[in-house]
């Protein structure tokens with residue numbers, strides 16, 4: 001029986017723990033708060049993040065990271081991107097020598113510009129063949145409710161990706177495999193920034209035309225950055241690219257879109273943060289994505305405008321004007 005460790009017990013971490021358990025794995029979730037672990041163990045529910053969802057009997061929780069990691073063949077990391085380095089430094093000594101580490105995180109480290117798999121390599125010293133990324137149009141609440149969903153598991157080692165695929169394939173969750181780690185990670189990180197922009201437009205009362213413009217041109221600037229970083233351009237037309245972007249920009253379940261919508265309706269940054277309640281990765285990562293683009297001389301106007309709004313140097317009403325007043329140009333694929 002495959003043992004899986006999931007760190008931590010937020011909405012997406014708990015949801016993927018449920019997926020692995022439903023697929024037949026024994027799963028141990030690391031929860032920071034004792035009351036969350038107690039609820040998972042005693043009531044088979046995580047009321048803090050997934051109220052009303054019954055968790056499988058083979059899913060358990062602990063407040064001890066070493067206990068969660070003991071004997072785990074797959075180590076699934078689902079924590080805020082900007083906290084990975086500190087937490088992983090403490091966890092790394094307890095990760096098995098043959099364990100494959102799976103990132104569910106969709107962000108770019110702010111001070112280094114590193115993708116999450118790069119942070120894992122850097123901190124834990126784990127080779128690329130043992131680090132994977134799982135990404136796609138995966139709104140946690142829908143997956144937890146067993147509504148049909150799919151994702152891509154990308155890893156340089158195709159056998160490792162295939163083992164993970166088997167370990168989380170259920171009747172409602174269909175994982176595909178690939179090797180384009182860079183493309184999958186960038187698709188997940190940048191779509192959060194674009195979703196903030198779509199939220200801003202929605203909050204301002206702009207219509208479907210504006211949303212479609214932001215989604216399609218947002219995909220174009222994501223692909224430009226991906227090409228400059230060596231990603232496969234076709235990745236951005238798949239689940240980890242267009243699929244994830246469409247879901248995150250379209251659904252009210254999306255934290256990033258919801259946060260942008262709060263700002264668009266006039267809430268202050270602090271009030272929008274309080275109303276959204278959970279981590280909004282696009283807020284943390286937008287500047288890091290823009291810095292990556294600047295280093296590679298890649299033009300990303302939507303990301304630039306969103307970053308300026310988040311930084312408080314551009315007002316929300318002026319954001320639309322800034323984008324629409326840009327110099328006209330031909331549309332080309334990826335331009």
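Table for the structure above
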{"item": "Residue among 72, 17, 65 that is in contact (Cβ under 8 Å) with a residue 40 or more places away in the chain, over 21 Å from the mean Cα position of the chain (by Cα) and within 23 Å of residue 169 (Cβ to Cβ)", "result": "72"}
{"item": "Hey, residue 213 in a loop (DSSP other than H, G, I, E, B), without any contact (Cβ under 8 Å) to a residue 12 or more places away in the chain and surrounded by fewer than 23 Cβ atoms within 10 Å (Cβ to Cβ) or not", "result": "no"}
{"item": "Residue match in segment 287-306 (condition: exposed (fewer than 13 other Cβ atoms within 10 Å of the Cβ) and under 21 Å from the mean Cα position of the chain (by Cα))", "result": "no"}
{"item": "Single residue of 231, 220 found to be in a helix (DSSP H, G or I), surrounded by fewer than 24 Cβ atoms within 10 Å (Cβ to Cβ), in the same structural domain as residue 190 (by TED's automatic domain parsing) and out of contact with any strand residue (DSSP E or B) (no Cβ under 7 Å at 6 or more places or on another chain)", "result": "220"}
{"item": "Residue list for segment 158-168, filter: surrounded by fewer than 23 Cβ atoms within 10 Å (Cβ to Cβ), within 23 Å of residue 236 (Cα to Cα) and touching a residue at least 40 places away in the same chain (Cβ under 8 Å)", "result": "160"}
{"item": "Which numbered condition residue 75 misses (of (1) within 24 Å of residue 226 (Cα to Cα); (2) out of contact with any helix residue (DSSP H, G or I) (no Cβ under 6 Å at 6 or more places or on another chain); (3) crowded, with 17+ Cβ neighbours inside 10 Å)", "result": "(1)"}
{"item": "Inter-residue pairs, beta-carbon under 7 Å, first surrounded by 12 or more Cβ atoms within 10 Å (Cβ to Cβ) and in segment 265-278, second not in a helix (DSSP H, G or I), 6+ apart", "result": "275/267"}
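The values are calculated or read from the model by the stated rules, or taken from the named source; none is laboratory data. Note that the coordinates shown come from a computational prediction; the quantities given were computed from them, not determined experimentally. Cβ coordinates were reconstructed from backbone atoms using ideal geometry, including for glycine residues, and neighbour counts include every protein chain displayed.
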